[in-house]
Structure formats: structure tokens, C-alpha cells
């Protein structure tokens, strides 16, 4: 598998993990703050589990994403600082 396909796969998985963490975070916020009595279609412990694990997976994927794009980030940072010197 080439680097662009790995990058694409990481980005898609990152989007899914972000969506799950965000959605379950909203459910937790609404339930804990009493804005809704409970979420009927999913038990609270399952919302917590999905939220926690999607957050862990998202963190790991962000680290992989940074490693895969490190050279690009370093080159752009150098380029930005060189522009400031002129």
C-alpha cells in the first residue's frame, strides 16, 4: 500500500472516530446536564464506552497522521518563518 492510500485510510478512520466521539459527547452532555432524561436507544454505559474508546482511537490516529505528515509540516513551518524574515 502506498503512502497516499495509508494517509487516506488514516483520515477516513480519524473522521469516523471524531464523529463517534462528538456524537456520544453530545449525548453525554445532554444526559448529564439533565436536558434530556436519558437516551432511550442506547444505555448510558454503552455511550460512555463508545465515547472513551473512540477518543483513544482518535488520539492514536492523530499521532499516526502527524508522523505521516511530519516532513510536510516541517517544510511548511520553515517556509513560513523564512517569509517573516524578509
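Data table
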quantity	calculated
Isotropic mean projected area of the C-alpha convex hull, the stretch 3-85 (nm²)	7.8 nm²
Whole-number percent relative contact order across the chain, with pairs defined as alpha carbons under 8 Å at least 6 apart	37 percent
Rounded tilt (10° steps) of 44-68 against the dominant C-alpha axis of the chain	0 degrees
Mean residue ellipticity (222 nm) of the chain, computed from DSSP H runs ≥ 4 via -39,500 (n - 2.57), nearest 500	-29000 deg cm²/dmol
Rounded to 10°, Cα long-axis angle of helix 70-85 versus longest principal axis of the chain	60 degrees
Point-to-point label distance, residue 9-residue 62, nm (Cα→Cβ direction, 7 Å offset)	2.3 nm
By average C-beta atoms within 10 angstrom, highest first, the peptides 14-27, 61-74	14-27, 61-74
Angle in degrees between helix 3-32 and the longest Cα principal axis of the chain, rounded to the nearest 10	30 degrees
For the stretch 1-30 and the stretch 55-74, distance of Cα centres in Å	12 Å
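Only the coordinates and a few stated rules stand behind these numbers; no lab work does. Keep in mind that this is a model prediction, so the values were computed, not measured. Cβ coordinates were reconstructed from backbone atoms using ideal geometry, including for glycine residues, and neighbour counts include every protein chain displayed.
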